[in-house]
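The values are calculated or read from the model by the stated rules, or taken from the named source; none is laboratory data. A quick note: this is a predicted structure, and the numbers were derived from the prediction, not measured. All Cβ positions, even for glycine, are placed from backbone atoms using ideal geometry, and neighbour counts span all protein chains on display. Remember, those area values only see protein heavy atoms, side chains included, never the ligands or the DNA or RNA. Shrake-Rupley method; radii C 1.70, N 1.55, O 1.52, S 1.80 Å.
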Amino acid sequence: MTLSQQLIERIRAEFPKYPEKRAVLLTALHFVQEEQGGWVPPELIPEIAALLEIHPIDVKEVASFYHMFHEHPVGRSHLQVCTNLSCALRGARGVVRRLEGVLGVRPGELSADGEFSVEEVQCLGSCGSAPVIQVNNEPYLENVALGDVETLVAGLRGRRLAAVGE
């Protein structure tokens with residue numbers, strides 16, 4: 001697996017916007033993840049590093065630090081549930097258990113149809129509106145209650161079906 005020539009050119013087009021190539025790392029990871037269907041395959045890390053003239057460990061550190069980058073395949077609808085203190089106190093663990101039951105996947109797993117994955121994350125920075133879920137990189141869903149889970153999943157399934165039918 002290698003970066004496409006189109007992606008390489010897209011990343012290179014960002015170089016003039018920054019003082020040095022290494023500063024393009026976050027943008028490059030977003031572009032790679034977009035092209036790869038939602039994740040950054042580990043075998044691409046050395047190629048990204050070479051393009052940015054940095055060490056592979058520098059790419060790995062950034063890709064593994066931020067929740068917005070995924071090191072394994074994720075569903076077309078990737079649900080990140082904050083389970084940090086504020087969210088946990090307001091029922092986030094119950095929301096995760098409900099998602100497991102409705103989707104048939106545990107955190108870190110991918111549904112058989114590739115549609116859904118669930119991940120517990122350690123802070124989405126919205127403690128005042130806990131519990132919080134982020135689907136892909138869309139705006140947060142706040143004050144999520146157990147009863148909201150089925151509606152959320154049905155809406156995500158419906159969105160996918162609507163996109164297919166268009």
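Scanning segment 60-70 for residues that are of a type in the set (A, V, I, L, M, F, W, C) and free of Cβ contacts under 8 Å to residues at least 60 places away in the same chain returns Val62, Ala63, Phe65, Phe69.
Regarding Glu100, is this residue assigned to a helix (DSSP H, G or I) and in contact with a Pro (Cβ under 9 Å, 6 or more places away or on another chain)? Yes, satisfied.
Tally up the residues in segment 1-59 that are of a type in the set (Phe, Trp, Tyr), free of Cβ contacts under 8 Å to residues at least 24 places away in the same chain and closer than 25 Å to Phe116 by Cα, please. So that I can check it myself, show each step before the final result.
Here is the first cut: in segment 1-59, the ones of a type in the set (Phe, Trp, Tyr) are 15, 18, 31, 39.
From the residues that got through so far, the ones that are free of Cβ contacts under 8 Å to residues at least 24 places away in the same chain too are 15, 18.
After this cut, where a residue has to be closer than 25 Å to Phe116 by Cα as well, the list is none.
Number of matching residues: 0.
Only one entry of Pro46, Pro107, Pro19, Pro73 meets the criterion of being open to solvent by 40 Å² or more (accessible area, probe 1.4 Å), over 30 Å from Pro131 (Cβ atoms) and part of a loop (DSSP other than H, G, I, E, B), and that entry is Pro19. When segment 115-141 is examined, which residues are found to be loosely packed, with under 14 Cβ neighbours inside 10 Å and within 15 Å of the chain's Cα centre (by Cα)? Passing the criteria: Gln122, Asn137, Glu138, Pro139.
Restricting the search to segment 87-97, which residues are among the small types (Gly, Ala, Ser), in a helix (DSSP H, G or I) and surrounded by fewer than 18 Cβ atoms within 10 Å (Cβ to Cβ)? It would help to see each step written out before you state the result.
Within segment 87-97, the first condition is being among the small types (Gly, Ala, Ser), and the residues that meet it are 88, 91-92, 94.
Restricting the remaining residues to those that are in a helix (DSSP H, G or I) gives 88, 92, 94.
Those that are among the small types (Gly, Ala, Ser), in a helix (DSSP H, G or I) and surrounded by fewer than 18 Cβ atoms within 10 Å (Cβ to Cβ): Ala88, Gly94.
Flag set for Ala92, criterion: of a type in the set (Gly, Ala, Ser) and under 22 Å from Glu120 (Cβ atoms).
So, in segment 143-154, exactly how many residues are in a helix (DSSP H, G or I), closer than 20 Å to Cys82 by Cα and either open to solvent by less than 30 Å² (accessible area, probe 1.4 Å) or not hydroxyl-bearing (Ser, Thr, Tyr) (or both)?
Of the residues in that region, 5 qualify.
Looking at Leu89, is it of a type outside the set (Gly, Ala, Ser) and under 13 Å from the mean Cα position of the chain (by Cα)? In short, no.
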